[in-house]
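The block underneath contains the structure these notes are about, expressed in structure tokens.
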Amino acid sequence: SDEVTFHVGEDNNVFYVTRGKNEEFKEQNLKPTFKSGRITVGVWSCYCGDKMGPLVIIPKGGTITAKRYIETLKKYFIPFYRRMRRKYGLGVVIQEDNASWHKAKEVR
């Protein structure tokens, strides 16, 4: 399983260095800014063998916390895990990275 956070409204294009008098203020060298309205969207999913698990959009700002991680595991991962154990046997395990919510006391 893994999760990712996207920042909608954030421009991740390549930055260029300009030179010359007022070069940085020419319209073709300006990029739009977002003073408000930027949205953070978190997504979680998992897979096992040839089966994809559910794609879950994390609510309210899109950031993962230990509490949200536990809720996601209970609601989405555990049913998927049980199906995969029936299909593949007892060797099915969950692999996590070193994210802070994976190591949180309440998650362990």
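The values are calculated or read from the model by the stated rules, or taken from the named source; none is laboratory data. Bear in mind the structure is a predicted one, so any value in this text is a computation, not a measurement. Using ideal geometry, Cβ is built from the backbone for each residue, glycine included, and neighbour counts are taken over all protein chains shown. Accessible surface is based on the protein model in full, side chains and every heavy atom, while ligands, DNA and RNA are left aside. Shrake-Rupley method; radii C 1.70, N 1.55, O 1.52, S 1.80 Å.
What to note about this one:
- Subset of segment 56-72 that is touching a helix residue (DSSP H, G or I) at 6+ places or on another chain (Cβ under 9 Å) and without any contact (Cβ under 8 Å) to a residue 24 or more places away in the chain - its residue that is least open to solvent (accessible area, probe 1.4 Å): VAL56
- Residues satisfying the criterion are present in segment 91-101 (criterion: free of Cβ contacts under 8 Å to residues at least 60 places away in the same chain and not in a loop (DSSP other than H, G, I, E, B)).
- Looking only at segment 11-41, and only at residues there that are open to solvent by less than 70 Å² (accessible area, probe 1.4 Å) and within 30 Å of THR72 (Cβ to Cβ), the one that is modelled with the lowest pLDDT: ASP11
- TYR69 being among the hydroxyl-bearing types (Ser, Thr, Tyr) and over 14 Å from the mean Cα position of the chain (by Cα): no
- Odd one out for GLY89, checked against (1) open to solvent by 70 Å² or more (accessible area, probe 1.4 Å); (2) on the phi > 0 side of the Ramachandran plot: (1)
- Scanning segment 42-65 for residues that are modelled with pLDDT under 70 and among the basic types (Lys, Arg) yields a single hit, LYS60.
- Filtering segment 75-86 to residues that are loosely packed, with under 14 Cβ neighbours inside 10 Å and under 18 Å from the mean Cα position of the chain (by Cα) leaves only LYS75.
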